[in-house]
Amino acid sequence: MSNKPWLAHYDKGVPQTIDYPKAPLFHFLEEAARKYPDHACTIFKGAVISYREMDEQSNAMAAALVEMGVKKGDRVGIFMPNLPQFVAAFFGILKAGGVVVAVNPTYPVEEVLTPVNDAGIEVMFTLTRFYNTLKEVRKKSGLKKIIVSNLKEALPPVTRVLYTLLREQKGGDRLHELESSDVWMQDLLKKHAGAPKPNIDIQPDDTALFQYSG
């Protein structure tokens, strides 16, 4: 019996496999930015980020992470839902040579502790509404720095104003200050805007992702 029984169900003319480029995962974002710089990479509530812009944002995040001391092979967490900030963090971690550890943002403290401790996460991205959860996680783990974003930063200008006035407080997204060890993601993007991708030797077979849950 074939160890790939699903191949029997492929339509005629569909290849059993394809040739995959031998390149790090972030290479595909860079290629898209080169070939289709103005095409949409993400669309969120009407706000569009192009491939060029996302490539630049991820370069900025990579530069910020390296400046923080993230080294090749370090595990960096993302505790966010599907947002443009997740994409920028994801590719920024990879470009810094780190390993992405995506953690389900609906998890309570005790369930977040498992991947944080198992992977040895010291730096983690999150949203304002989940910040208090990670502050509790930090008390019981080696987590040192939290990079925080606000949901409204992904919204179009008019929607952002309306959200600030009508929904931010109610949705639990309003946060006035961070602990001294932590930093706003938006501040890092501004500080490192225009930064080139860090010069780190990253090979196609290097680990890119630890995925603890679907």
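The values are calculated or read from the model by the stated rules, or taken from the named source; none is laboratory data. Keep in mind the model is a prediction, meaning the values are calculated, not measured. Because the Cβ atoms are built from the backbone with ideal geometry, glycine has one as well, and the counts that use them run over all protein chains shown.
Looking at the stretch 34-43, can you tell me whether even one residue there is touching a residue at least 60 places away in the same chain (Cβ under 8 Å) and of a type outside the set (G, A, S)? Write out each step before concluding.
The first filter runs over the stretch 34-43 and keeps only residues touching a residue at least 60 places away in the same chain (Cβ under 8 Å), leaving none.
No; the residues of the stretch 34-43 include none that is touching a residue at least 60 places away in the same chain (Cβ under 8 Å) and of a type outside the set (G, A, S).
Results for (1) touching a Gly at 6+ places or on another chain (Cβ under 7 Å); (2) surrounded by fewer than 19 Cβ atoms within 10 Å (Cβ to Cβ); (3) of a type in the set (K, R), shown as yes or no for each residue.
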| position | (1), (2), (3) |
| --- | --- |
| T17 | no, yes, no |
| E31 | no, yes, no |
| Y36 | no, yes, no |
| H39 | no, yes, no |
| I43 | no, yes, no |
| S58 | yes, no, no |
| M61 | yes, no, no |
| K72 | yes, yes, yes |
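Contact annotation: residue pairs with Cβ atoms under 6 Å, 6 or more positions apart or on different chains, pairing a residue in the stretch 167-185 that is assigned to a loop (DSSP other than H, G, I, E, B) and small (G, A, S) with a partner that is at pLDDT 80 or above and surrounded by 10 or more Cβ atoms within 10 Å (Cβ to Cβ), are G172/R129; S181/K145. For the stretch 186-205, a residue qualifies if it is in contact (Cβ under 8 Å) with a residue 40 or more places away in the chain, farther than 14 Å from M54 by Cα and either assigned to a helix (DSSP H, G or I) or among the polar types (S, T, N, Q) (or both), and the qualifying residues are L188, K191, Q203. Among the conditions (1) of a type outside the set (K, R); (2) within 17 Å of F210 (Cα to Cα); (3) surrounded by fewer than 16 Cβ atoms within 10 Å (Cβ to Cβ), the only one that E67 does not satisfy is (2). Considering (1) within 20 Å of A208 (Cβ to Cβ); (2) free of Cβ contacts under 8 Å to residues at least 12 places away in the same chain, the lone condition that A89 does not fulfil carries the number (2). Within the stretch 113-160, the set of residues being within 27 Å of G73 (Cβ to Cβ) and of a type in the set (K, R) comprises K135, R138, K139, K140, K144, K145.
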